[in-house]
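Okay, so here's the structure we're looking at.
The values are calculated or read from the model by the stated rules, or taken from the named source; none is laboratory data. Treat the numbers as computed from the prediction; the structure is a model and nothing was measured. Neighbour counts run over all protein chains shown; Cβ positions are idealised from the backbone, glycine included. SASA here: full protein model, heavy atoms, side chains in, ligands and nucleic acids out. Shrake-Rupley method; radii C 1.70, N 1.55, O 1.52, S 1.80 Å.
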Amino acid sequence: MINIPKGTKDVLPNESYKWHYVENVVRSVAKDFNIKEIRTPTFEHTELFLRGVGDTTDIVNKEMYTFLDKAERSITLKPEGTAGVARAFIENSLYANPQPTKMYYITPVFRYEKPQAGRLREHHQFGIEYYGSSSAIADVEVMMVAKSIFDRLGVSNLVLNVNSIGCPECRKKYNEALKKYLKDNLSNMCHTCQERFEKNPLRILDCKEEACKQITQNAPVVLDYLCDDCRAHHEMVCNQLTKLGVDFKVNPHIVRGLDYYTRTVFEFVSNNIGAQGTVCGGGRYNNLVEQVGGKPCPGVGFGMGLERLILTLENLGLSVGEEENPDLYIIAMCDRAKQDILVYAQKLRQAGVSTEIDVMDRSFKAQLKYANKINAKYMVVLGDEEIDTNKVSIKNMATGESVEVDLDKIENFFKEA
Ligand code: ATP
Ligand code: MG
């Protein structure tokens, strides 16, 4: 027996409806904001993520699925959605179109992580990317896309945490102050944070280890180190959110794990799915496009974990959609019916009636049982009499009620229903 790789999951036929439900909602919200779908490859040249995501991040350092292909090129399975979109934006000269370019994706994401609830080695993200705008209005619109999705799904327990990590100029000053504050406590911090101290001290604020959390509790706050422009941008974001009546919290510990962020960073955090409470994370990345080889172009976006989103819906007892059941089961009683059952079913299917027939050579009784088991909404029994008189009775399986209709016009019944 060959088993599924660790940290991956099958979506079985009896649960795929949940994915359809969530995917339909995110697509329809994207449509309301006039955001178009982009699909990029599942793998890219490793170099893209080294430059785009940054080589001081956990993702690049520890989590990537990287391998040599047969021509010895280094290839990496997407560890996030943004870098591939940035590459496509540049490569296809999308910057030459009237801006902004507003795109969304639904993609598998691969990270070599320690599997646990809400943490997989292959998960799926819905994400959006706005390129071309530096405006705080774009930051807030992006947050409102996520908010609209949660609203439409009925999720009300997520808190929007917002922060600004400034531009590289602000961050240089802040990193100095932070390092000065942390220096004396270096030996009490976790091994990872000791490494972060030189390469990416900001990330220490995000550490989940209790010792590190204690130490950073009173650390200097990046918001106090913002330059005038970054401060004005952050204030605009907060003012707009207030105006929209969005419940949000300015949280100086939100720094995000990826190197490409500038200014605004945000997370929608839930307390219902244990330690892995971040359902959606995003922010502004004004230097990303340049970092992966394009002309400077600002961007802002987010990634939303779909497994965590479905988990949140289930934990809150919210709808995850409905299992998709067939409209009709036709039982073929006589030989003539059996001979023509495919033709009848095909006509109905073409008319948009989802129809099941027997492909197992079951007896009448067994077919009846099966029609019940698969939750067919209606049932028709087709025998000599029905064929001769062109009359069948359509039985509502839930109420037991029957209606007589013409055999050659069954589809009309469903048009009216
Ligand atoms: P975390 O802090 O939980 O590791 P992250 O900062 O690595 O999250 P992002 O890179 O921002 O997460 O990814 C966006 C979203 O994708 C997350 O908010 C989360 O919902 C989801 N996600 C990230 N990693 C995983 C994973 N290993 N399994 C399932 N979902 C994930
Ligand atoms: Mg992570």
Review point. Tell me, what ³J(HN,Hα) does each residue in region 262-268 have, in order and in whole Hz, if you take phi through Karplus 6.51 cos²θ - 1.76 cosθ + 1.60 with θ = phi - 60° and put x for Gly and Pro?
Key: 9, 6, 5, 10, 8, 9, 9
Practice item. Calculate one ³J(HN,Hα) per residue across region 5-16 by plugging θ = phi - 60° into the Karplus curve 6.51 cos²θ - 1.76 cosθ + 1.60, and present them in order as whole Hz with x for glycine and proline. Key: x, 3, x, 10, 9, 8, 9, 7, x, 8, 10, 5
Exercise for review: State the Cα centre-to-centre distance between region 238-267 and region 316-348 in whole Å.
Suggested key: 50
Check your understanding: So what's the convex hull volume per residue for the Cα atoms of the chain, in Å³?
Key -> 204
Exercise for review: Name the residues whose placed amide hydrogens come within less than 5 Å of the amide hydrogen of VAL109, ignoring near sequence neighbours (fewer than 5 apart) on the same chain.
Suggested key: HIS123, HIS124, GLN125
Exercise for review: Quick one: of LYS78/LYS213; LYS62/LYS179; LYS36/LYS173; LYS9/LYS172; LYS31/LYS295, which pairs are farther than 32 Å apart, Cα to Cα?
Suggested key: LYS36/LYS173; LYS9/LYS172
Revision key, fill the gap. HN-Hα couplings for region 177-190 via Karplus (6.51, -1.76, 1.60; θ = phi - 60°), in whole Hz with x for Gly/Pro, come out as 5, 5, 5, 4, 5, 7, 3, 5, 9, 3, 5, 8, 8, 5
Check your understanding: Around ASN251, which amide H atoms from residues at least 5 apart in sequence, or from another chain, sit under 5 Å from its own amide H, with H modelled in the peptide plane?
Key -> VAL162, ASN163
Check your understanding: Using only the Cα atoms, what convex hull volume per residue in Å³ does region 210-345 have?
Key -> 252
**Study point:** Most positive-pole-ward Cα, PHE89, ILE38, PRO79, against dipole of region 1-97 from beta carbon charges
**Key:** ILE38
Point to revise | Accessible area per residue in Å² at 1.4 Å probe, computed on region 234-328 | key: 39
**Study point:** Nonlocal amide H pairs with THR278, under 5 Å, H built at 1.01 Å
**Key:** SER270
Practice item. On the protein heavy atoms, probe 1.4 angstrom, tell me the percent of accessible surface of region 164-275 carried by carbon and sulfur. Key: 46
Practice item. Straight distance only, please: which aspartates and glutamates reach the Cα of LYS180 with their own Cα at less than 17 Å, same-chain residues fewer than 8 apart left out? Key: GLU195, GLU198, ASP224
Exercise for review: Calculate how steeply helix 228-243 sits against the longest principal axis of the alpha-carbon atoms of the chain, using the helix alpha-carbon long axis, and give the answer as 0 to 90 degrees to the nearest 10.
Suggested key: 40
Point to revise | Along each principal axis, Cα extent of region 55-109, largest first, Å | key: 38, 27, 23
Study note, to complete from the structure: Answer in debye to the nearest 20: the dipole magnitude of the chain about its Cα centre, from +1 Lys/Arg and -1 Asp/Glu charges placed on Cβ, is 1260
Practice item. Report, in degrees rounded to the nearest 10, the 0 to 90 angle that the Cα long axis of helix 82-91 makes with the longest principal axis of the chain. Key: 90
Check your understanding: If the cut-off is a Cα-Cα distance under 14 Å, which aspartates and glutamates reach LYS243, setting aside same-chain residues fewer than 8 apart in sequence?
Key -> GLU141, GLU235
Practice item. Within region 208-229, find all residues whose amide N lies under 11 Å from a label point positioned 7 Å from the Cα of LEU186 along Cα-to-beta-carbon. Key: none
Practice item. Taking the Cα centre of region 57-204 as origin, sum charge times position over the Cβ atoms of Lys and Arg (+1) and Asp and Glu (-1), and report the length of that vector in debye to the nearest 20. Key: 300
Review point. Once fully extended, how much extra length lies between ASN92 and LEU342, figured as 0.36 nm per residue of separation less the alpha-carbon to alpha-carbon distance?
Key: 85.3 nm
Practice item. For region 23-162, take the alpha-carbon Rg, divide it by the Kirkwood Rh, and send me Rg/Rh. Key: 0.98
Revision key, fill the gap. In debye to the nearest 20, the charge dipole size for region 251-348, taken about the Cα centre with +1 at each Lys and Arg Cβ and -1 at each Asp and Glu Cβ, equals 440
Check your understanding: Which whole-number percent gives the relative contact order of the chain, counting Cα pairs below 8 Å spaced six or more residues apart?
Key -> 16
Practice item. Stick to Cα atoms and the Kirkwood definition of Rh, then tell me Rg/Rh for region 91-195. Key: 1.05
**Study point:** Sequence-distant lysines (8 or more away, or on other chains) whose Cα lies within less than 23 Å of LYS369
**Key:** LYS338, LYS377, LYS395
Exercise for review: Classify region 107-266 as rounded, prolate or oblate, taking a ≥ b ≥ c as the square roots of the eigenvalues of its Cα gyration tensor: rounded when a/c is under 1.5, otherwise prolate if a/b is larger than b/c and oblate if not.
Suggested key: oblate
Review point. To the nearest 10 degrees, how steeply does helix 364-373 sit against the main Cα axis of the chain, on a 0 to 90 scale?
Key: 30
